[in-house]
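Below is one structure, written out as structure tokens, with a few remarks after it.
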Amino acid sequence: MASLRDALGEALVALGTENANTVMVGADTTESIKMLEFGKKFPERFFNVGIAEQNMIGVSAGLALAGKTVFCGTYIVFLERAIDQIRNTIAYCKLDVKIIGSHGGIAVGFDGGSHQAIEDLSIMRAIPNMRVIAPGDAYSAKMLIKEVGRSKGPAYIRILRSSIPVVYKGDEEIRVGKIETLVDGDDLTIIANGVMLAEALKAAETLKQNGISAGVMDCHTIKPLDREAIIKAAKKTGAIVTAEDHNIIGGLGSAVAEVLSKEYPTKMAMVGVKDTFGESGDGPELMKKYGLFAENIVNEATELLKK
């Protein structure tokens, strides 16, 4: 198990070391989401504006206009208060601001429905000029954050509260906009991201024991979407199951369906939050209650193949 928040802190310090123009703006949650690691290393380039998310985006925009590469972030449900500023100030103007959203999905747990962001990916991917990324383990998170930090333009990166299983060996080249195939399959393909990537791998192993060859793909970048890889998988297996800790409306499943409905109509099933708010409880127990676990992926895949 490893923490995406720790990975974020390490990546930001690395970026700040290699580029003196990198700055950080927080909104009073910087210690929690480990952005404070950057502040400890580079206090003169770290700004905490307090619980004022709209102001955080405005300050970030000003710094970007002054030639800085800016990272800013807070909990996603607080960040959503500033969608107007993100849309009209950052994305519309194509400013070099990278937005970190922490505490995504039902897996947040005991903080309850008011703090469990299940709509952020759909909101962010609908904004022009915005790259949207949801890493599935700490190694890939670090790689993707570093790549985003070395490039220009807006981006949104979703990280998680809880530590999650390690998926990658640590020597892979993970790139923004490129799907990673973790398991090859012939009968169907599971496309997942975030906390659901490890569940997808568990499901593929169970399906293998049941005589079903299931591929697993890490779609960490929802925008720009790797359309070619999705179409290739659909042509190979003829059946797609998506898995995400997010509302099935507008998230990863919707993005994949948009591609396939136009390019190569394919049988699909979507595992995700069924358009409902969460509740307070233990993260793993909530994931099971809301169908966000390996067994449910197996069931959806089995039913899909019957069709």
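Can you report the number of residues in segment 237-251 which are under 22 Å from Gly278 (Cα atoms) and touching a residue at least 60 places away in the same chain (Cβ under 8 Å)?
Within segment 237-251, the subset under 22 Å from Gly278 (Cα atoms) is 242-251.
Add one more test, that the residue is touching a residue at least 60 places away in the same chain (Cβ under 8 Å), and what stays is 244-247, 249-251.
Residues that pass the stated criteria total 7.
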Residue satisfying all of: in segment 222-242; under 19 Å from the mean Cα position of the chain (by Cα) and assigned to a loop (DSSP other than H, G, I, E, B); surrounded by the most Cβ atoms within 10 Å (Cβ to Cβ) among these: Asp226
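Select from segment 9-28 the residues that are part of a loop (DSSP other than H, G, I, E, B) and either at positive phi or buried (at least 21 other Cβ atoms within 10 Å of the Cβ) (or both) and write down the one among them that is nearest to the chain's Cα centre (by Cα).
Step one: of segment 9-28, the residues part of a loop (DSSP other than H, G, I, E, B) are 19-21, 27-28.
Those left that are additionally either at positive phi or buried (at least 21 other Cβ atoms within 10 Å of the Cβ) (or both): 27-28.
Details: Ala27: 20, Asp28: 22 Å.
Among those residues, the one meeting the criterion is Ala27.
Residue-by-condition table, conditions (1) on the phi < 0 side of the Ramachandran plot; (2) outside the structural domain of Leu8 (by TED's automatic domain parsing); (3) among the aromatic types (Phe, Trp, Tyr); (4) modelled with pLDDT of 95 or more:
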| residue | (1), (2), (3), (4) |
| --- | --- |
| Ala107 | yes, no, no, no |
| Ser122 | yes, no, no, yes |
| Ala141 | yes, no, no, yes |
| Asp184 | yes, yes, no, yes |
| Glu199 | yes, yes, no, yes |
| Ala203 | yes, yes, no, yes |
| Lys208 | yes, yes, no, yes |
| Ser213 | yes, yes, no, yes |
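Say we look at segment 34-77 and pick out the residues that are of a type in the set (Val, Ile, Thr) and surrounded by 23 or more Cβ atoms within 10 Å (Cβ to Cβ); which of these is nearest to Gly109 (Cα to Cα)? Give the derivation first.
The initial filter retains those residues of segment 34-77 that are of a type in the set (Val, Ile, Thr), namely 49, 51, 57, 59, 69-70, 74, 76-77.
Of the ones still in play, those that are also surrounded by 23 or more Cβ atoms within 10 Å (Cβ to Cβ) are 57, 70, 74, 76.
Values: Ile57: 27, Val70: 30, Thr74: 17, Ile76: 14 Å.
In this case the residue turns out to be Ile76.
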Candidates Ile83, Ile118, Ile76, Ile57, filtered to the one that is modelled with pLDDT of 95 or more and in contact with a Lys or Arg (Cβ under 8 Å, 6 or more places away or on another chain): Ile76
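Test Gly101 against the criterion of being in contact (Cβ under 8 Å) with a residue 60 or more places away in the chain and assigned by TED's automatic domain parsing to the domain that holds Ala27, and give yes or no. So that I can check it myself, show each step before the final result.
Values: in contact (Cβ under 8 Å) with a residue 60 or more places away in the chain: no; assigned by TED's automatic domain parsing to the domain that holds Ala27: yes.
The answer is no for Gly101.
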Pairs with Cβ under 7 Å, 6+ apart, first in segment 30-50 and assigned by TED's automatic domain parsing to the domain that holds Ile99 and within 21 Å of Arg161 (Cβ to Cβ), second assigned to a loop (DSSP other than H, G, I, E, B) and β-branched (Val, Ile, Thr): Leu36/Thr30; Gly39/Thr30; Asn48/Thr30
Residues of segment 3-37 satisfying the condition of being farther than 16 Å from Phe47 by Cβ and not aliphatic (A, V, I, L, M): Ser3, Arg5, Asp6, Gly9, Glu10, Thr17, Glu18, Asn19, Ser32, Lys34
Val148, sole failed condition from (1) closer than 27 Å to Pro284 by Cα; (2) of a type in the set (A, V, I, L, M, F, W, C); (3) in a helix (DSSP H, G or I): (1)
Single unsatisfied condition, Val132 versus (1) in the same structural domain as Ala11 (by TED's automatic domain parsing); (2) surrounded by fewer than 23 Cβ atoms within 10 Å (Cβ to Cβ): (2)
Residue pairs meeting the criteria (Cβ under 8 Å; at least 6 apart or on separate chains; first in contact (Cβ under 8 Å) with a residue 40 or more places away in the chain and more than 9 Å from Gly177 (Cα to Cα), in segment 220-232; second among the polar types (S, T, N, Q) and not in a helix (DSSP H, G or I)): Ala229/Thr181
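Please specify each residue of segment 164-221 satisfying the condition of being part of a strand (DSSP E or B), crowded, with 19+ Cβ neighbours inside 10 Å and of a type outside the set (A, V, I, L, M, F, W, C).
Let us first name the residues in segment 164-221 that are part of a strand (DSSP E or B), namely 164, 180-183, 188-192, 214-218, 221.
Remaining after also requiring crowded, with 19+ Cβ neighbours inside 10 Å: 164, 180, 182, 188-192, 214-218, 221.
Selection gives Glu180, Thr189, Gly215, Asp218, Thr221.
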Residue tally, condition not small (Gly, Ala, Ser) and not in a helix (DSSP H, G or I), over segment 45-74: 11
Filter result (out of contact with any helix residue (DSSP H, G or I) (no Cβ under 7 Å at 6 or more places or on another chain), buried (at least 17 other Cβ atoms within 10 Å of the Cβ) and in a loop (DSSP other than H, G, I, E, B)) within segment 282-299: Gly291
Criterion (surrounded by fewer than 23 Cβ atoms within 10 Å (Cβ to Cβ), without any contact (Cβ under 8 Å) to a residue 40 or more places away in the chain and in a helix (DSSP H, G or I)) met by exactly one of Ser261, Ser254: Ser261
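The values are calculated or read from the model by the stated rules, or taken from the named source; none is laboratory data. Remember, predicted model here, so these are calculated numbers, not experimental data. So basically every Cβ, Gly included, is an ideal-geometry build from the backbone, and we count neighbours across all protein chains shown.
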